[in-house]
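Everything on this sheet refers to the single structure shown next.
The values are calculated or read from the model by the stated rules, or taken from the named source; none is laboratory data. Being a predicted model, the structure only gives us computed values, none of them experimental. Here the Cβ positions follow ideal geometry from the backbone for every residue, glycine too, while neighbour counts run over all protein chains shown. In case anyone asks, the SASA skips ligands and DNA or RNA and just uses the protein heavy atoms, side chains included. Shrake-Rupley method; radii C 1.70, N 1.55, O 1.52, S 1.80 Å.
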Amino acid sequence: MADLFAEKYSLLALLGQGGMCEVYRARQLLFDRQVAIKILRRSLALSPESRQRFLREARNCARLDHPAIITIYDVDEWEERPYIAMQFIDGGSLEGLIDKGLNALRGVEIMADVADALACAHEIEVAHRDLKPDNILIASDGRVKVADWGLAKCLDGAQDLTHAGVVLGTPEYMSPEQIMSKPLSMKSDLYSLGVLLYEVLTGSLPFETETMTDLLQAHIYNEPTPIKSHAPYIPQPLANLVIELLAKEPDERPQSAKHVAVILEKVAAEFGEELNEHLVKRKRTTGATPTSPNVGTEKTSGELRSSKRSTKKNLQELTASGRPTVRIFSKKARVLMLLFIILFIALLVYWRSQ
C-alpha cells in the first residue's frame, strides 16, 4: 500500500496534527499539483466510528460543487489509514486575517461568500455544524474556501454518528439548539454565521464570559452585546442582520443562507465606501490564544484557554486556534452515567459480601 501511495503522491511537509488527523502538504504526481493530504491518526484507524466520521467529511465535500467550498481530489487508504487528498490553500484563514487586521468591507465580502457556500450545502440538506474562523480559508488570490466538513450532517434522515446526549462543535460558535442537543436544522449554521459576522465586524465575540460553562449558558439565555457598542459605524441594515442571525429561536433567524448572502452583497454595494474606511482587528481579552498556521484541513492541537480548564465538559478534539471542538455530554447523559457507576459499585459490594 505504501508503494501505491508513493506512486501517487510525494509528501513534502507535515503541516499540522490535531485530535483525529495528521495533515501533509504533498505533490500529486499525475497532475503535478500541490495538495493537502489529511490522514486519520494511526491510533484511531481501527475505530469504525472514527473511520466513518472521517470518510463522511469526504462524502459531504464530494457532493458539494461550489467555488467557495474546498475540493476533494481523492479518497483512499495508506498503511490501513484512510486519507483525503484535497485542495491546498496557500493563504491563511479568516482567523489570521482578523488577528492582523481586516478591512470591514472585505470582511462583509468574505461572509457573503461563506453564506453562499452554505446555501449550496443546505440545498442538498447538508449542515456544516462547525463554522469558525479557522475553517474559513483565504487563498493568496483572495478566493474564499469553507473547509473542515468533518462534523457536517446530512439532515435528510441519514444515520448520524453522534451518540444520543452528545453534541460536537466549537463553543464560541455553537447555536443554542446545538448546545442543548436538540434536533438541528440549517438555521443552526445561520446562528454560527451570525457569530462569525459579529466577530468580522468588531474583532470581538458576542458574549464575553469567564468560563466555558458561562459561555454556553450565554448562547442559550443572554442577549449579545449590541454590535454598535463595538462598531458604531456599522450601517443599520447590517446590524439588523446580525441581530436576526443571533436569534435564540431558529424560526426567528433569516429564511435561508442564500437570503443572507443577498443582503450582505447588497450592503457591500450600498455601504462599501463607508465600510472600506474601517479596519477591524481582534480585541485581545484575558485568556485569548494565538492562531497557528492554517493548512486548509485539520489544525495542530493548541492549549485551552486557562479560564476553561475548570470546565466539567469532556474535551475530545482540539484545534490549532485554542478554540476547542468539544464533545459535551448532556445533563441526562451525565445522570445515566452516574446511575450506572452507582449500580456497578453496589453490585461489586454485594459480590464481595457473598
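Key figures
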{"read-out": "Qualifying residue in the stretch 99-115 (condition: within 15 Å of the chain's Cα centre (by Cα), on the phi < 0 side of the Ramachandran plot and modelled with pLDDT under 95)", "value": "no"}
{"read-out": "Candidates Asp76, Asp65, Asp99, Asp90, filtered to the one that is of a type in the set (Asp, Glu) and closer than 18 Å to Phe5 by Cα", "value": "Asp76"}
{"read-out": "Residue count, the stretch 123-147 (criterion: open to solvent by 30 Å² or more (accessible area, probe 1.4 Å) and on the phi < 0 side of the Ramachandran plot)", "value": "5"}
{"read-out": "Subset tally (residues that are open to solvent by 30 Å² or more (accessible area, probe 1.4 Å) and either in a loop (DSSP other than H, G, I, E, B) or out of contact with any Pro (no Cβ under 8 Å at 6 or more places or on another chain) (or both)) for the stretch 23-56", "value": "18"}
{"read-out": "Options Gly96, Gly107, Gly91, Gly101: the member that is small (Gly, Ala, Ser) and touching a Lys or Arg at 6+ places or on another chain (Cβ under 7 Å)", "value": "Gly101"}
{"read-out": "Matching residues, the stretch 40-78, being within 21 Å of Ala13 (Cβ to Cβ) and in contact with a helix residue (DSSP H, G or I) (Cβ under 9 Å, 6 or more places away or on another chain)", "value": "Leu40, Arg41, Ile70, Thr71, Ile72, Asp74, Asp76, Trp78"}
{"read-out": "Residue list for the stretch 25-52, filter: over 20 Å from the mean Cα position of the chain (by Cα), farther than 13 Å from Trp78 by Cα and of a type outside the set (A, V, I, L, M)", "value": "Arg25, Arg27, Gln28, Phe31, Asp32, Arg33, Gln34, Ser43, Ser47, Pro48"}
{"read-out": "Helices (runs of 4 or more DSSP H) contained entirely in the stretch 187-288, each with at least 3 residues that are surrounded by 17 or more Cβ atoms within 10 Å (Cβ to Cβ)", "value": "187-202, 212-221, 236-245, 257-275"}
{"read-out": "Any hit, the stretch 3-15, residues being surrounded by 17 or more Cβ atoms within 10 Å (Cβ to Cβ), in a loop (DSSP other than H, G, I, E, B) and either out of contact with any helix residue (DSSP H, G or I) (no Cβ under 8 Å at 6 or more places or on another chain) or on the phi > 0 side of the Ramachandran plot (or both)", "value": "no"}
